[in-house]
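These notes are about the structure you will find just below.
The values are calculated or read from the model by the stated rules, or taken from the named source; none is laboratory data. The shown structure was predicted, so the numbers you read here are calculated from the model rather than taken from an experiment. Here the Cβ positions follow ideal geometry from the backbone for every residue, glycine too, while neighbour counts run over all protein chains shown. The accessibility values were calculated without ligands, DNA or RNA, using every heavy atom of the protein model including side chains. Shrake-Rupley method; radii C 1.70, N 1.55, O 1.52, S 1.80 Å.
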Amino acid sequence: MSDPKLQSDLMSAWDPELFAAVALRYAESHKITLNRTDLDNRPDPVGAERFLPRALDAAVWPPPGWLPIGLAASADGVTVDWHCFDGLETGTPFFFEAMQRARARPFNRLFAWRMRLDDMIRIAPHSPPPAGFIFHLSRCGSTLVHRMIDASGAARSLSEVPLFEQALQLCLTVQASEDAKHRLLRAVVAGLNNVADDKPLILKFDSWHILSWSLLQAAFPQTPAIFLYRDPAEVLVSQQRMRGIQAVPQPAIAELCRIVDYSTLNLDEYCAHFLAASCRAAADAARVHAVRVINYKRLPRAVFDEVLPHFGLEVDDAANARMRDVANFHAKSPDERYIPDSEEKSAAAGDDLHALAERIVGPSYRVLEELA
């Protein structure tokens, strides 16, 4: 950790055999006894190894390029693991994909950095707050906005960072002062800002996180935010086809949404109540000017006209061209051309789903339209 060139040489070796050759050469020059079998490791695409016991590393902030990837409970308390992302793209549709690529490095499999969460909070350096938050109703263009901002080069945009999700869950479930919760969230941001460049950070959240907007605003009062929403019938159709975790009944999220009888609802009814609660939370935030609400129908133009100015980001003609190019492709599957689907989804909803959307989500959706 104190030798940047050694880190760089080991990180650049993606092939396990090449990595072993580089490591053994360095070990010999440093008179460290090491053999080939010491370097054997298995792929860990989902990061299961972080739940296995192992010794803590020093309570020292890792060098630039190392980002925190997740929390785990152990005999040492709650710990946080770091991987080196130096040279890796982090503006993937979801940050989990960047984490998978980082885990594929033999270097990260053997040299992941682990410290206590309490130590991370204690030693976190001062870090600028995020330049913007992206909240959303789900299936309404948030990944597109994230991808366009990241392509602009004016900011680093990270999408649905697992560590931030875990930190928010801790804030909601663990008894702690508001100040302690704020320090936790700020330490996470400091970790995500642990890069060599000084680009501002944009965070795109999971859809249920709008229910925690007041906590996030208190921790980062200077950070502007947007909330993207869409015709609820279209969202319900999308959730029918591939349900997100937030659209399946869970006690913690149901409690946040104040859905008392969630066990008696079918999946479409539960999802509609979740969407209504999200719209109400966004409307509450918009009324106090904490969040700007933007309808999906205004994308991608709204990214240029509203989102960038709201986040204080300036772009040149080349950046505009890159962003327009990204908008031509499917945000979650960047190799596929984007085909507008609002009419198709509205037709697929049918009378029953439209009626359900209107009955449960309609009133709060119209409030958002008025506020927009």
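Could you work out [θ]222 nm for the chain from helices alone, using -39500 (n - 2.57) per DSSP H run of at least four and dividing by all its residues? Round to the nearest 500 deg cm²/dmol. If you can, show how the numbers build up before the last one.
Working: 15 runs with 167 residues, N = 372.
Counting only the DSSP helices, I get -13500 deg cm²/dmol.
How high is the FRET efficiency between Arg243 and Phe304 when r is their beta carbon distance and R₀ equals 41 Å, given to the nearest 0.05?
On the way: r = 32 Å, r/R0 = 0.79.
Calculated value: 0.80.
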Q) So in the chain, what percent of DSSP beta bridges are antiparallel if you round to the nearest 5? A) 45
Q | Carbon + sulfur, % of accessible area of the chain - ligands and nucleic acids excluded, 1.4 Å | A | 53
Q.
Please report the equivalent ellipsoid semi-axes of region 185-253, computed as sqrt(5 x eigenvalue) of the Cα gyration tensor, largest first, in whole Å.
A. 29, 14, 13
Q: Could you tell me the accessible area of Ser342 in Å² (1.4 Å probe, neighbours in place), rounded to the nearest ten?
A: 40
**Q.** Heavy atoms of Ile123 accessible to a 1.4 Å probe, total area in Å² rounded to 10
**A.** 50
Q) Taking the Cα centre of each part, how many Å lie between region 87-106 and region 250-286? A) 32
Q. How many nm is it between the label spots at Leu34 and Ala104, if each spot is 7 Å from the Cα in line with the beta carbon?
A. 2.3
Q: Mind giving me the FRET efficiency for Ala180 and Glu370? R0 is 41 Å, r the Cβ-Cβ distance, nearest 0.05 is fine.
A: 0.65
(Q) Please enumerate, by chain and number, the aspartates and glutamates with C-alpha under 17 Å from the C-alpha of Lys199, excluding those fewer than 8 residues away in the same chain. (A) Asp86, Glu89, Asp150, Glu314, Asp316
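Which entries of Lys181/Lys332; Lys181/Lys204; Lys5/Lys332; Lys204/Lys332; Lys181/Lys297; Lys5/Lys31 show an alpha-carbon separation above 25 angstrom in the structure shown? Don't jump to the answer; show the numbers that get you there.
Values: Lys181/Lys332 32 Å; Lys181/Lys204 20 Å; Lys5/Lys332 35 Å; Lys204/Lys332 14 Å; Lys181/Lys297 36 Å; Lys5/Lys31 18 Å.
Lys181/Lys332; Lys5/Lys332; Lys181/Lys297, as the Cα separations exceed 25 Å there.
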Q) Just how much of Met115 is accessible, in Å², when a 1.4 Å probe is used and the result is rounded to the nearest 10? A) 0
Q | Backbone N within region 92-132 under 17 Å of label point (7 Å from Ala55 Cα along the Cβ vector) | A | 110-116
(Q) I'd like the Karplus ³J(HN,Hα) series for region 59-67: coefficients 6.51, -1.76, 1.60, θ = phi - 60°, whole numbers in Hz, and an x wherever there's a Gly or Pro. (A) 7, 10, 5, x, x, x, x, 8, 10
Q: Mind jotting down the distance between the C-alpha centroids of region 345-372 and region 120-159, whole Å?
A: 28
Q) Can you give the direction-averaged projected area of the convex hull of the alpha-carbon atoms in the chain, in nm²? A) 20.1
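D for region 270-372, whole µm²/s, Stokes-Einstein with Kirkwood Rh over alpha-carbon pairs at 37 °C and 0.692 mPa s: what number?
Values: Rh = 16.0 Å.
Here the translational diffusion coefficient equals 205 µm²/s.
Looking at region 14-115, which GluC sites (Glu not before Pro) are in a loop (DSSP not H, G, I, E or B) and have at most 15 other Cβ atoms within 10 Å?
Within region 14-115, the qualifying GluC sites (Glu not before Pro) (loop, at most 15 other Cβ atoms within 10 Å) are Glu89.
Multiply the residue separation of Ser333 and Asp3 by 0.36 nm, subtract the distance between their alpha-carbon atoms, and state the gained length in nm to one decimal. It would help to have the intermediate numbers written out before the result.
On the way: separation 330, 0.36 × 330 = 118.80 nm, distance 3.80 nm.
Working it through step by step, the gained length comes to 115.0 nm.
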